[in-house]
1. Select from region 17-52 the residues that are farther than 16 Å from MET70 by Cα and of a type in the set (A, V, I, L, M, F, W, C) and write down the one among them that is farthest from the chain's Cα centre (by Cα).
2. When region 21-59 is examined, which residues are found to be in a loop (DSSP other than H, G, I, E, B), of a type in the set (D, E, K, R) and more than 30 Å from VAL6 (Cα to Cα)?
3. Mind checking which residues of region 1-20 are hydroxyl-bearing (Ser, Thr, Tyr), touching a strand residue (DSSP E or B) at 6+ places or on another chain (Cβ under 7 Å) and either within 17 Å of GLY74 (Cβ to Cβ) or part of a loop (DSSP other than H, G, I, E, B) (or both)?
4. Tell me, which residue of region 29-39 that is surrounded by 16 or more Cβ atoms within 10 Å (Cβ to Cβ) and in contact with a Gly (Cβ under 9 Å, 6 or more places away or on another chain) is nearest to SER18 (Cα to Cα)?
5. May I ask you to verify whether ILE13 is surrounded by 15 or more Cβ atoms within 10 Å (Cβ to Cβ), under 10 Å from the mean Cα position of the chain (by Cα), closer than 17 Å to VAL88 by Cα and free of Cβ contacts under 8 Å to residues at least 40 places away in the same chain?
Amino acid sequence: MIGDNVGVSGCSICAAYSISIGSFVLLGTGCMITDTDAHPLGHLERRNGKPPKTAPVIIEDDVFVGTRAMILKGVTLGRGSIIGAGSVVTKSVPAFSICAGNPARIIGSVNEDS
């Protein structure tokens, strides 16, 4: 599901299970959103055709994801959060938080009234 007024600039979205994008979301150039590992980590599991791990991704309203950021399986980006360019988000982000880095961590907050 993709909400209203979403801006997408050359992103890759890989949904094996479920990706939900709210309204007024901005996805920067080259960002990647995936709800799957794409393949198991163990070589024997790959040989035997075991399916990869998947978990839903939820991007709530008014989120801004910077250029080349990666949003991985099982993550929820809370309303109004900002993800810095090039970040790798492996854990959920609270509403109105600013996160950046690899792995991404909270580095600040957004004024809810701005």
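Taken together, the values in this text are just the output of simple stated rules run on the coordinates, not laboratory data. This is a predicted model, so every value here is computed, not measured. All Cβ positions, even for glycine, are placed from backbone atoms using ideal geometry, and neighbour counts span all protein chains on display.
1. Applying the filter and picking the extreme gives LEU44.
2. LYS50
3. SER9, TYR17, SER20
4. ASP35
5. Yes, satisfied.
Listed here are the residues, each with its yes/no results for (1) surrounded by 19 or more Cβ atoms within 10 Å (Cβ to Cβ); (2) closer than 19 Å to ILE106 by Cα; (3) charged (D, E, K, R).
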| position | (1), (2), (3) |
| --- | --- |
| ILE19 | yes, no, no |
| PHE24 | no, no, no |
| LEU44 | no, no, no |
| VAL75 | yes, yes, no |
